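Participant: This is the structure, below, for whatever I ask next.
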């Protein structure tokens, strides 16, 4: 058992704080539940022809905003600092919900701006610091750290689904023949819900942000040295610049020099494999998160049951993130992701059968889906750092979110047309096809990627080119590698 002095209490608090922040930000997964109430409210207050297929654009705006903000969030965080980014991002996220109190009575465009754009903008700034700080505290357990932190994001709906339904529909009023809620008492509570949610978010986030701190610089260097296979023979916090310490710091500098820059990453095959995988899985995720309750309403007349299914989904969502994070730690990203995508293909290709199986079958299938797709969210941040290095890993991971612009745009534009043409069966088969595509793409990802291996590829190419008398400066190999190449030639 480790001694108390060796227990990284700061790291444990950082994981807990990150979990709580993502718990509130993860209320996104309650969208499928609250969408049925918000759509019904707007149908009675100025938009009588609005459908779920129309309202899904709010979720699409959310996702597209994420895709646009995350690539920039690394630079924003670098300027203002991770803790300021967390505080500011959380405030903006909560503000989006509060502003929706007013926009619900105006137009879908305004709701998409406040509940979609503003909330997602804040979320995009606040998310990454919780993940990168957690991995700094536990560099040898990146998958575990990511699983714990993003488990909060997956678990948010467990709390907020129940809060939403308890406030709006305590009498378990069912939808009308139109397929939407028309009860006046239920609908008049919808705007006030936005203010209540905003107050809850702010209260939790304020405490959580105070818990998340970065490890001392000397401890992070020691963690990195241990991970890279050498330990400091002197106290790294010592002000004495001994020759031994200078040598260690020199090695540390070389280790960081191996890290792949964002400009280099976007020219790597590994980056685009991760991008395409995220594109496919997030498209599947966004669609089922938005429509699972609407699909269930076509054959289940029990709003409390459907809300409970959504709440329990978050437990599976949270557990799935931790499970796949641990699976990656024990095996590889490639094995974890191929397992996930095969599972998604099987589940979506048979999901429509639950309309025959009834409540129990529907619940089991939805829960298994929510257990499976979250693997992407715990493994991809970790494998991005593993592949490209700590120094730029968070920024490069942010660039993967550009795929969200495309997949959310497709969900927003095509969902209504697909449902009108082929119904839910056609929609689910299309989602299964995207899962199959993600599986195929992942099969081309290396088993054990690292910055060193990528640099070795550059070195090999550079050696061949230099042997032919060509300039090797374009390969961005470290200076000491170029010197070695010159000596060999």
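Participant: If I ask for residues that are over 22 Å from the mean Cα position of the chain (by Cα) and either within 16 Å of residue 290 (Cα to Cα) or part of a helix (DSSP H, G or I) (or both), which ones from region 434-459 would you list?
Facilitator: 451, 452, 453, 454, 455, 456, 457, 458, 459
Participant: Still on this structure, please answer the following. Taking helices (runs of 4 or more DSSP H) that do not extend beyond region 295-378, which have at least 3 residues that are within 19 Å of the chain's Cα centre (by Cα) and surrounded by fewer than 24 Cβ atoms within 10 Å (Cβ to Cβ)?
Facilitator: Here the list reads 303-330, 333-349, 359-372.
Participant: Then there is this: Quick one: which of 215, 170 is surrounded by 16 or more Cβ atoms within 10 Å (Cβ to Cβ), assigned to a loop (DSSP other than H, G, I, E, B) and more than 15 Å from the chain's Cα centre (by Cα)?
Facilitator: On the way: 170 fails: surrounded by 16 or more Cβ atoms within 10 Å (Cβ to Cβ).
The conditions single out 215.
Participant: Further, regarding this structure: Could you go through region 49-58 and let me know if any residue there is surrounded by fewer than 24 Cβ atoms within 10 Å (Cβ to Cβ), under 20 Å from the mean Cα position of the chain (by Cα) and in a helix (DSSP H, G or I).
Facilitator: yes
Participant: Could you list, in sequence order, all residues of region 59-80 that are buried (at least 23 other Cβ atoms within 10 Å of the Cβ) and either free of Cβ contacts under 8 Å to residues at least 60 places away in the same chain or not in a helix (DSSP H, G or I) (or both)?
Facilitator: Across region 59-80, the qualifying residue is only 65.
Participant: Further, regarding this structure: Given the condition free of Cβ contacts under 8 Å to residues at least 12 places away in the same chain and more than 28 Å from residue 293 (Cα to Cα), answer yes or no: does some residue in region 84-101 qualify?
Facilitator: Yes, there is a match, as at least one residue in region 84-101 is free of Cβ contacts under 8 Å to residues at least 12 places away in the same chain and more than 28 Å from residue 293 (Cα to Cα).
Participant: Okay, next question. Does residue 428 count as in a helix (DSSP H, G or I) and buried (at least 18 other Cβ atoms within 10 Å of the Cβ)?
Facilitator: Values: in a helix (DSSP H, G or I): yes; buried (at least 18 other Cβ atoms within 10 Å of the Cβ): yes.
Criteria met by residue 428.
Values quoted throughout were computed directly from the atomic coordinates according to the rules given, and no laboratory measurement underlies them. Treat the numbers as computed from the prediction; the structure is a model and nothing was measured. Please note: Cβ atoms are built from the backbone with ideal geometry, for glycine as well, and neighbour counts cover all protein chains shown.
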